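Notes for the one structure printed next.
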Amino acid sequence: AQWLAHRSARHLALISRSGILSETIATQVEALREVGVTVEIAAVDVTDAAALHSFIDRLGHQRPIKGIAHAAMVLDDKLMQGVDRASIETVLRPKVSGALHLERIAGELALDYLLLFSSATTLFGNPGQFNYVAANAYVEGVARRLRAQGLPALAVAWGAIGNAGYLERHMEANSSLKKRFGSTLMPARTALNGLDWAFEAEGLQLVDAFAIARIEWSRAKRELAAVRAPTFN
């Protein structure tokens, strides 16, 4: 939201399942409002097609909707032998159902962009995150399908972000996360600015899906068998 405001967006709607902001985020939202950005906070579950459509319809009556970012995710990490149907559905539902519901809505809107969040783990897998990797791979497929229909969809496989999001909230208390991602963290602003690489100078979109990540390849080769395959030479 801050990045969009920095890029001259003036009307933002931030939705989540709960619609509840932490104290820190609430302060950041107020800072945006103080500089003239309209920010609406709403509780909408992206897996609920009727609720999502109703919200988008109401929002569209206020002013044209020009961009959507689908960043919902749930994690339920398990080793392969521990993955069950419930674990798979828990992780796939927000990403996959959300992307499919937005796919149906996108054709009704004159969007400048539909940004779908994926993960760099989709490039080479990640131990314990088979369900998450599958969900992201599906989202990237939806982006390709939408682009083939002439819609401005872009799936971005983000690497590790250091000052916003899941890793920031959990890394201090999780030494495993710190060891795995500590040396590859990117500032959120740097990562988001990388979106420019997906477009020509005139604004023409070049790709359907791509990755913005800082990867320590020597460590990745040690820990991930897929990275030792010829694909990554």
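Readers should treat all values here as calculations from the given coordinates under stated rules, not as data from a laboratory. Please read all numbers here as calculations on a predicted model, not as lab measurements. Backbone-built Cβ (ideal geometry, glycine too); neighbour counts: all protein chains shown.
Brief remarks follow.
- Residue of His70, His101, His11 that the Gaussian network model of the chain assigns the largest fluctuation, springs spanning Cα pairs under 10 Å: His11
- A Förster radius of 30 Å, combined with the Cβ-Cβ distance separating Val35 from Val74, puts the computed FRET efficiency at roughly 0.40.
- Solvent-free Debye scattering, log10 I(q)/I(0), computed from the Cα coordinates of the range 10-61 at q = 0.18 Å⁻¹: -0.63
- Result for the chain in a Gaussian network model with C-alpha springs under 10 Å: among Gly98, Gly159, Gly141, the largest mean-square fluctuation is at Gly141.
- Peptides ranked, highest mean first, by Cβ atoms within 10 Å: ranges 13-20, 197-204: 13-20, 197-204
- Taking every alpha-carbon pair under 8 Å whose residues sit at least 6 apart, the chain reaches a relative contact order of 15 percent.
- Rg(Cα) / (2.2 N^0.38 Å) computed for the chain, rounded to two decimals: 1.04
- Extension gain for Arg145-Asp112 works out to 10.2 nm (0.36 nm per residue, less the C-alpha to C-alpha distance).
- Sites Leu100 and Leu204 - FRET efficiency at Förster radius 22 Å, r taken between beta-carbons, to 0.05: 0.25
- Net lengthening on full extension, Arg85/Thr190 (0.36 nm per residue, minus Cα-Cα): 34.1 nm
- The range 9-104: C-alpha gyration tensor shape, a/c 1.5 cut-off, then a/b vs b/c: oblate
- For the chain, a Gaussian network of Cα nodes joined below 10 Å ranks Asn163, Asn136, Asn126 by mean-square fluctuation, and the top entry is Asn163.
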